[in-house]
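Engineer: Can you keep this structure in mind? I'll have questions shortly.
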There are 2 protein chains.
Amino acid sequence: MDIQNYMQQLGQAARAAAAEVAKASTAAKNTALLAMAQAVRERRDELCAANAADVAQARQEGLDAAMIERLTLNAKGIETMAQGLEQVAALPDPVGEITDLKRRPSGIQVGKMRVPIGVVGIIYEARPNVTADAAALCLKSGNAAILRGGREALRSNQAIAACVREGLKAAGLPETVVQVIETTDRAAVGHLVAMPQYVDVIVPRGGKGLIERVSAEARVPVIKHLDGNCHVYVDDAADAAKALRIVENAKTQRLGTCNTAESLLIARSVASAQLPKIANMLIGKGVEIRGCAETQKLVPAAKAATEEDYYTEYLAAIISVKVVVDVSEAITHINKYSSQHTDAIVTENYTHAMRFLREVDSASVMVNASTRFADGFEYGLGAEIGISTDKFHARGPVGLEGLTSQKWIVLGDGEVRG
Amino acid sequence: MDIQNYMQQLGQAARAAAAEVAKASTAAKNTALLAMAQAVRERRDELCAANAADVAQARQEGLDAAMIERLTLNAKGIETMAQGLEQVAALPDPVGEITDLKRRPSGIQVGKMRVPIGVVGIIYEARPNVTADAAALCLKSGNAAILRGGREALRSNQAIAACVREGLKAAGLPETVVQVIETTDRAAVGHLVAMPQYVDVIVPRGGKGLIERVSAEARVPVIKHLDGNCHVYVDDAADAAKALRIVENAKTQRLGTCNTAESLLIARSVASAQLPKIANMLIGKGVEIRGCAETQKLVPAAKAATEEDYYTEYLAAIISVKVVVDVSEAITHINKYSSQHTDAIVTENYTHAMRFLREVDSASVMVNASTRFADGFEYGLGAEIGISTDKFHARGPVGLEGLTSQKWIVLGDGEVRG
């Protein structure tokens with residue numbers, strides 16, 4: 001197989017399909033999404049069989065338990081996938097939305113219209129449900145998609161792709177609106193990210209290794225999501241009860257998510273009063289504490305934190321802790337060590353809250369709320385294609401809007417420029 | 001001089017300055033801009049002398065008249081530059097603007113805050129006034145800037161840079177907020193566009209050669225502006241008087257701007273009634289007509305247009321003309337040949353207007369208005385750093401807003417995720 005030629009063909013087909021789907025009606029897109037959901041339910045046994053073959057091979061190849069868990073698609077997972085397609089159908093169509101129309105002194109009205117980006121390339125790892133989720137979000141936002149799933153999930157992804165094509169066909173849309181790469185050759189990724197003539201943006205979803213490789217090789221924009229080294233800062237003006245509740249939730253509600261807090265900062269003036277209680281709560285929930293010298297004095301069970309600890313996204317029952325002078329030191333520390341994902345302050349002080357909101361350079365900045373809220377569903381986006389830690393184009397959870405752009409429109413009545 | 005080392009130093013200084021200017025108050029930024037304007041006026045003779053030396057050298061090197069015109073900075077140009085700085089001071093500060101706050105079912109309020117992008121690299125050619133314009137827009141939008149002007153304008157740019165630094169100093173801002181590259185070595189550009197750790201976006205302003213080189217070498221996002229091959233489509237439902245007026249203005253008001261119309265499309269059913277009049281008007285103004293076979297029948301003076309003509313941005317007294325069946329063929333033609341800059345329809349038909357707005361994939365799409373309106377000032381942006389023909393991040397005229405991004409903010413009262 002000539003990979004370059006194959007990828008060029010996919011690219012050409014996607015570019016042609018993008019022009020069609022960009023002008024598709026909301027009704028056609030929703031019909032396709034609902035038909036996909038129906039196909040997923042009807043072909044449940046087929047999907048389970050394809051996935052079982054993938055899982056069997058993964059076991060044979062000795063893949064680890066976590067990978068096999070992510071790969072596995074059972075009847076419940078298939079129903080969730082179908083419901084996800086229906087939820088995207090229920091979201092408002094962002095394409096064609098006109099905003100900000102203002103009349104100018106010349107008489108023309110100038111505004112913006114939301115439009116699709118064009119062709120979106122999505123590269124992901126083991127989870128086969130991403131095939132359906134990504135297809136749905138790209139279709140609803142009027143884009144064509146080229147999907148590249150994990151090698152381990154090839155059979156599952158092909159089976160899901162068949163359902164997606166069935167849905168597109170039922171709505172009279174080109175089946176090439178969503179194409180799933182059919183080879184596991186890694187060279188395909190290299191071509192996908194370097195065809196600016198056919199692909200407008202790349203969304204890599206997966207581990208840091210994948211994202212770094214894609215970013216390094218890409219010749220088109222990348223919506224990337226690196227670490228989630230999230231902080232909670234307990235200010236000198238914090239409400240102690242809110243602080244305790246927020247740290248508990250941010251660190252312990254789920255240990256392995258990107259919006260889990262990995263580091264706790266606390267103002268010196270309230271550390272002796274509040275840190276022991278917070279630490280006891282964490283230790284009681286099995287969390288290991290790695291702190292600065294002051295933390296170790298207040299929390300005898302705490303181990304010493306290294307410089308490296310403050311940079312670390314543990315995704316585990318460990319938290320780094322540092323006593324800081326005030327909100328200024330907290331902001332400086334966060335802007336140095338944070339991965340610019342999500343950081344929160346707990347405070348009752350208006351000016352501290354405003355400074356933290358303004359000066360912390362992260363995708364999500366919160367006052368008196370758990371970092372765990374940084375999520376497309378919690379933010380009301382309905383669904384998300386990923387969480388961007390970039391600053392260009394889209395930051396934080398990326399939903400339908402992040403897969404669109406805005407063009408200028410001018411409504412005139414024969415005006416000319418003087 | 002070790003160029004790589006020099007550029008790394010500029011990059012590090014810019015990154016550090018970006019953190020400072022991002023949190024600078026509106027008052028400090030405006031103080032700096034007004035002090036820059038004052039410095040430009042006070043140092044007028046110095047600026048004229050530096051520019052005269054650049055111009056003398058350019059003449060000696062035999063640069064062409066157009067280049068020398070762009071390079072020349074006289075007393076009037078210096079006053080315009082000072083006024084431009086004052087105008088940017090008068091624009092609203094986009095940084096810190098909070099929008100779209102909505103309460104979610106969890107109780108948190110989720111919204112967006114506008115923030116600077118970080119470090120902006122701007123690469124331009126002969127015009128020295130870009131040094132002041134770009135510095136002003138980057139500063140006001142809270143970004144640090146690294147500027148690389150044309151080799152020919154080195155002395156002028158250094159003199160303007162001194163005024164910029166004086167303004168920054170007067171406001172207590174780091175002088176490294178705006179740095180002008182002091183070497184004419186072309187390798188500096190190669191480094192500037194490939195330092196993602198220090199530079200967040202590149203804006204090339206200049207000819208196609210420059211922009212293509214920058215795009216090919218860039219390892220960071222580029223806000224680029226390629227051709228302006230703009231169309232006016234006269235629909236079968238066009239008001240003939242509006243059509244004549246708009247074509248006249250779009251083609252002949254200025255011949256050499258990127259928003260000048262380069263191609264005229266007209267619906268077959270009105271071509272015999274309207275095209276001869278439009279053509280006579282154009283011919284009367286010295287415009288050469290290159291048309292399809294049908295055009296040549298209706299306009300005996302028309303030459304035959306080649307396929308290449310329809311792709312061409314003439315920037316001259318030439319227009320390509322094609323008779324099309326209807327709005328569908330017009331849209332198809334434009335999406336094939338246009339440079340996605342600005343395209344207009346003249347029509348009284350609502351559905352044709354709506355289809356054209358939705359389906360023409362260009363940065364600016366207009367109904368019953370001259371393409372010449374595609375401009376930051378006409379759109380109310382106050383000033384523009386350039387016009388983007390990209391779809392990612394910013395499209396069309398890029399003002400202060402295009403130099404910013406939005407982060408998410410969450411305002412809570414102790415909420416945690418359930």
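Engineer: Name, by its number, the condition in (1) in contact with a Lys or Arg (Cβ under 9 Å, 6 or more places away or on another chain); (2) crowded, with 16+ Cβ neighbours inside 10 Å; (3) β-branched (Val, Ile, Thr); (4) closer than 30 Å to residue B:408 by Cα that does not hold for residue B:99.
Structural biologist: Only one criterion is unmet by residue B:99, namely (2).
Engineer: If I filter region A:21-39 for residues that are in a loop (DSSP other than H, G, I, E, B), closer than 26 Å to residue A:143 by Cα and of a type in the set (Ser, Thr, Tyr), do I get at least one hit? It would help to see each step written out before you state the result.
Structural biologist: Initial filter on region A:21-39 (in a loop (DSSP other than H, G, I, E, B)): A:23-25.
When the remaining residues are screened for being closer than 26 Å to residue A:143 by Cα, the result is A:23-25.
When the remaining residues are screened for being of a type in the set (Ser, Thr, Tyr), the result is A:25.
Checking region A:21-39: at least one residue is in a loop (DSSP other than H, G, I, E, B), closer than 26 Å to residue A:143 by Cα and of a type in the set (Ser, Thr, Tyr).
Engineer: Can you find, within region B:56-73, the residue that is nearest to the chain's Cα centre (by Cα) among those that are within 14 Å of residue B:129 (Cβ to Cβ) and surrounded by 14 or more Cβ atoms within 10 Å (Cβ to Cβ)?
Structural biologist: Going residue by residue through region B:56-73, those that are within 14 Å of residue B:129 (Cβ to Cβ) are B:69-73.
Filter once more, keeping what is surrounded by 14 or more Cβ atoms within 10 Å (Cβ to Cβ): B:70-73.
Numbers: B:70: 17, B:71: 19, B:72: 21, B:73: 21 Å.
Among them, the one singled out is B:70.
Engineer: Now for a different question. May I ask you to list the residues in region A:213-257 that are out of contact with any strand residue (DSSP E or B) (no Cβ under 9 Å at 6 or more places or on another chain) and free of Cβ contacts under 8 Å to residues at least 24 places away in the same chain?
Structural biologist: A:216 - this is the single residue of region A:213-257 that is out of contact with any strand residue (DSSP E or B) (no Cβ under 9 Å at 6 or more places or on another chain) and free of Cβ contacts under 8 Å to residues at least 24 places away in the same chain.
Engineer: If we scan region A:323-330, do we find a residue that is within 14 Å of chain B (Cβ to nearest Cβ), open to solvent by 60 Å² or more (accessible area, probe 1.4 Å) and assigned to a helix (DSSP H, G or I)?
Structural biologist: No, because not a single residue in region A:323-330 is within 14 Å of chain B (Cβ to nearest Cβ), open to solvent by 60 Å² or more (accessible area, probe 1.4 Å) and assigned to a helix (DSSP H, G or I).
Engineer: Checking the conditions here, which among A:105, A:94, A:128 is over 29 Å from residue A:6 (Cβ atoms), open to solvent by less than 20 Å² (accessible area, probe 1.4 Å) and of a type outside the set (A, V, I, L, M, F, W, C)? Outline the logic, then answer.
Structural biologist: Working: A:105 fails: open to solvent by less than 20 Å² (accessible area, probe 1.4 Å); A:128 fails: over 29 Å from residue A:6 (Cβ atoms).
Only one candidate qualifies: A:94.
Engineer: Moving to a separate point now. Would you check which residues across region A:369-379 are at the interface with another protein chain (Cβ under 7 Å from one of its Cβ atoms) and surrounded by fewer than 24 Cβ atoms within 10 Å (Cβ to Cβ) and list them?
Structural biologist: A:378, A:379
Engineer: Restricting the search to region A:333-363, which residues are within 11 Å of chain B (Cβ to nearest Cβ), surrounded by 18 or more Cβ atoms within 10 Å (Cβ to Cβ) and either under 21 Å from the mean Cα position of the chain (by Cα) or over 23 Å from residue B:416 (Cβ atoms) (or both)?
Structural biologist: A:340, A:341, A:342, A:343, A:344, A:355, A:358, A:359, A:360, A:361, A:362, A:363
Engineer: Six or more apart or on different chains, Cβ atoms under 6 Å: show the pairs whose first residue is in region B:80-101 and within 14 Å of another protein chain (Cβ to nearest Cβ) and whose second is surrounded by 14 or more Cβ atoms within 10 Å (Cβ to Cβ) and of a type in the set (A, V, I, L, M, F, W, C).
Structural biologist: B:94/B:400; B:98/B:113
Engineer: A further question follows. In region A:87-99, is there at least one residue being more than 25 Å from the chain's Cα centre (by Cα) and more than 24 Å from residue A:206 (Cβ to Cβ)?
Structural biologist: Applying the first criterion (more than 25 Å from the chain's Cα centre (by Cα)) to region A:87-99 yields A:98-99.
Of the ones still in play, those that are also more than 24 Å from residue A:206 (Cβ to Cβ) are A:98-99.
Within region A:87-99, one or more residues are more than 25 Å from the chain's Cα centre (by Cα) and more than 24 Å from residue A:206 (Cβ to Cβ).
Engineer: Among the residues of region B:255-277, count how many are surrounded by 19 or more Cβ atoms within 10 Å (Cβ to Cβ) and not in a strand (DSSP E or B).
Structural biologist: Taking region B:255-277 as the starting set, the residues that turn out to be surrounded by 19 or more Cβ atoms within 10 Å (Cβ to Cβ) are B:258-267, B:271, B:274-275.
Those left that are additionally not in a strand (DSSP E or B): B:258-260, B:271, B:274-275.
Number of matching residues: 6.
Engineer: Across region A:397-418, what is the total count of residues that are at the interface with another protein chain (Cβ under 7 Å from one of its Cβ atoms), farther than 20 Å from residue A:99 by Cβ and either in contact (Cβ under 8 Å) with a residue 12 or more places away in the chain or among the aromatic types (Phe, Trp, Tyr) (or both)? Full working, then the answer.
Structural biologist: Going residue by residue through region A:397-418, those that are at the interface with another protein chain (Cβ under 7 Å from one of its Cβ atoms) are A:405-417.
Right, trim to farther than 20 Å from residue A:99 by Cβ and you get A:413-417.
Retained after the next criterion (residues that are either in contact (Cβ under 8 Å) with a residue 12 or more places away in the chain or among the aromatic types (Phe, Trp, Tyr) (or both)): A:413, A:415, A:417.
Residues that pass the stated criteria total 3.
Engineer: If I go through region B:365-395 residue by residue, how many of them are under 30 Å from residue A:360 (Cα atoms) and of a type in the set (Gly, Ala, Ser)?
Structural biologist: Matching residues across region B:365-395 total 5.
Engineer: Would you mind stating whether residue B:17 is within 26 Å of the chain's Cα centre (by Cα), assigned by TED's automatic domain parsing to the domain that holds residue B:175, open to solvent by 80 Å² or more (accessible area, probe 1.4 Å) and small (Gly, Ala, Ser)? If you could, list the steps in order and put the result at the bottom.
Structural biologist: Values: within 26 Å of the chain's Cα centre (by Cα): yes; assigned by TED's automatic domain parsing to the domain that holds residue B:175: yes; open to solvent by 80 Å² or more (accessible area, probe 1.4 Å): no; small (Gly, Ala, Ser): yes.
Taking the combined requirement at face value, the residue does not satisfy it.
Engineer: Using the structure shown, decide if residue A:80 is touching a Gly at 6+ places or on another chain (Cβ under 7 Å) and either buried (at least 20 other Cβ atoms within 10 Å of the Cβ) or among the hydroxyl-bearing types (Ser, Thr, Tyr) (or both). Spell out the reasoning first.
Structural biologist: Details: touching a Gly at 6+ places or on another chain (Cβ under 7 Å): no; either buried (at least 20 other Cβ atoms within 10 Å of the Cβ) or among the hydroxyl-bearing types (Ser, Thr, Tyr) (or both): yes.
Criteria not met by residue A:80.
Engineer: In contact with a Ser or Thr (Cβ under 8 Å, 6 or more places away or on another chain) and over 17 Å from residue A:150 (Cβ atoms): is that true of residue A:162 in this structure?
Structural biologist: For residue A:162, the condition - in contact with a Ser or Thr (Cβ under 8 Å, 6 or more places away or on another chain) and over 17 Å from residue A:150 (Cβ atoms) - is not met.
Engineer: So for region B:38-46 (the condition being of a type in the set (Gly, Ala, Ser), over 16 Å from residue B:135 (Cα atoms) and over 22 Å from the mean Cα position of the chain (by Cα)), does at least one residue qualify?
Structural biologist: Just the residues of region B:38-46 that are of a type in the set (Gly, Ala, Ser), to begin with: B:39.
Imposing the further condition that a residue be over 16 Å from residue B:135 (Cα atoms) reduces the set to none.
No.
Engineer: Just the residues that are of a type in the set (D, E, K, R) and open to solvent by 30 Å² or more (accessible area, probe 1.4 Å), please, taken from region A:108-125.
Structural biologist: Just the residues of region A:108-125 that are of a type in the set (D, E, K, R), to begin with: A:112, A:114, A:125.
Residues satisfying the conditions are A:112, A:125.
Engineer: Kindly check whether there is at least one residue in region B:43-52 that is part of a helix (DSSP H, G or I), under 24 Å from residue B:187 (Cα atoms) and either open to solvent by 10 Å² or more (accessible area, probe 1.4 Å) or touching a Cys at 6+ places or on another chain (Cβ under 7 Å) (or both).
Structural biologist: No, that holds for no residue.
The values are calculated or read from the model by the stated rules, or taken from the named source; none is laboratory data. Keep in mind it's a predicted model, so treat the numbers as computed, not measured. Methodologically, a virtual Cβ is constructed for each residue, glycine included, from the backbone with ideal geometry; neighbour enumeration extends over all protein chains shown. All accessible areas refer to the heavy atoms of the entire protein, side chains included, with ligands and DNA or RNA removed. Shrake-Rupley method; radii C 1.70, N 1.55, O 1.52, S 1.80 Å.
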